[in-house]
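One structure is given here, and the rest of the page talks about it.
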Amino acid sequence: GWQIVPGSDSKRTLQKLVKTFSFDNYQQAMDFTNRVADLAEVEDHHPALLTEWGKVTVSWWTHKIGGLHRNDFIMAAKTDQLLAED
């Protein structure tokens, strides 16, 4: 379910690894967002997170290189594992 999509930052065009996760309500979405945030802190690699009612969109990319790195794919897999732990 992860997709490579074009994106940009203030300086350049880049690629991002993006997936939207669905939940039954806002609280479940927030709980997942917080779990992704905790993982990001442990790994010192931080995604963009968009939390809405019933869904969370996670975008991984490596700012330093302006695109995708192997670590982004590892973090995507770890994000999937967070959902599997529920």
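The table that follows gives values for the structure above.
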| item | result |
| --- | --- |
| Percent accessible area from carbon and sulfur atoms, the chain, protein chains only, probe 1.4 Å | 50 percent |
| Using alpha-carbon coordinates, inclination of helix 70-84 to the longest axis of the chain, degrees | 10 degrees |
| Nearest-ten-degree value, helix 26-43 long axis tilted from longest Cα axis of the chain | 50 degrees |
| Dimensions (Å) - region 10-51, Cα atoms, principal axes, largest first | 36, 22, 15 |
| Loop-resident sites, region 42-86, for GluC sites (Glu not before Pro), counting at most 13 other Cβ within 10 Å (DSSP) | GLU85 |
| For the chain, alpha-carbon Rg and Dmax in angstrom | 12.6, 38 |
| Surface accessible to a 1.4 Å probe, per residue, for the residues of the chain, Å² | 62 Å² |
| Alpha-carbon centroids, region 34-57 and region 59-86: separation in whole Å | 10 Å |
| With DNA, RNA and ligands ignored, accessible area of THR51 (1.4 Å probe; Å², nearest 10) | 40 Å² |
| Charge dipole magnitude, Cβ of K and R +1, D and E -1 - the chain, Cα centre, debye nearest 20 | 540 debye |
| Modelled FRET efficiency - R0 25 Å, GLU41 with ARG12, Cβ distances, 0.05 increments | 0.45 |
| Residue (of GLN81, THR33, PRO6) at the positive-pole extreme of the chain, dipole from beta-carbon charges | PRO6 |
| Computed over the chain: relative contact order in percent, which uses C-alpha pairs under 8 Å that are six or more apart | 29 percent |
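The values are calculated or read from the model by the stated rules, or taken from the named source; none is laboratory data. On a predicted model such as this, the values are computed, not experimentally measured, just so you know. Backbone-built Cβ (ideal geometry, glycine too); neighbour counts: all protein chains shown. We work out accessible area using only protein heavy atoms, side chains counted, and drop any ligands, DNA or RNA first. Shrake-Rupley method; radii C 1.70, N 1.55, O 1.52, S 1.80 Å.
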